[in-house]
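Notes follow once the structure below has been shown.
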Amino acid sequence: MKLLVKIIVTTGILFSTSLIIAHEGHEYAKQLDQASAMEAASTKMAELIQQGQLDASWARQDAANAQLARVNGLQNWIVSYIDGGGSQRLELFFSMAGEFISFTKTPISDTAAN
């Protein structure tokens, strides 16, 4: 009988623990739309400039576009900027949930589409 009571109590504790862990407020991550991807890129670019990873001249550039693209099998937002002289393209990569992944700077002559 004691064994049966222990099993019932243990099962009850395990069941209630799973309910506590899955309490309200654990929602799925919201996905970025195009406007919020551009906003996230603007914020991240300011951070990169402050950290010295980008030249301050990039802060004066407006985003050329933001598009969804598959990178390494995952859907990501790529927000592109073109420098004032039209010689470099800056691309910032974000996950669908808005996490910054990386950035690249490439000469325009090295890109397929200007």
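Sub-8 Å Cβ pairs linking a first residue in the range 64-77 that is charged (D, E, K, R) to a second residue that is surrounded by 14 or more Cβ atoms within 10 Å (Cβ to Cβ), at least 6 apart or interchain, are Arg70/Asn76, ordered by first then second residue. Inside the range 58-99, residues that are part of a strand (DSSP E or B) and not acidic (Asp, Glu) make up a count of 25.
The set of residues in the range 58-114 that are within 19 Å of the chain's Cα centre (by Cα), surrounded by fewer than 13 Cβ atoms within 10 Å (Cβ to Cβ) and among the acidic types (Asp, Glu) contains only Glu99.
So which residues in the range 35-50 are of a type in the set (Ser, Thr, Tyr) and farther than 15 Å from Asp62 by Cβ, if there are any at all?
Ser36 - this is the single residue of the range 35-50 that is of a type in the set (Ser, Thr, Tyr) and farther than 15 Å from Asp62 by Cβ.
Only one of the numbered conditions (1) in a loop (DSSP other than H, G, I, E, B); (2) modelled with pLDDT of 90 or more is violated by Ala29, and that is (2).
The values are calculated or read from the model by the stated rules, or taken from the named source; none is laboratory data. Quick caveat: nothing in here was measured; it's all calculated off a predicted structure. Glycine gets a Cβ as well: all are built from the backbone with ideal geometry, and neighbour counts include every protein chain shown.
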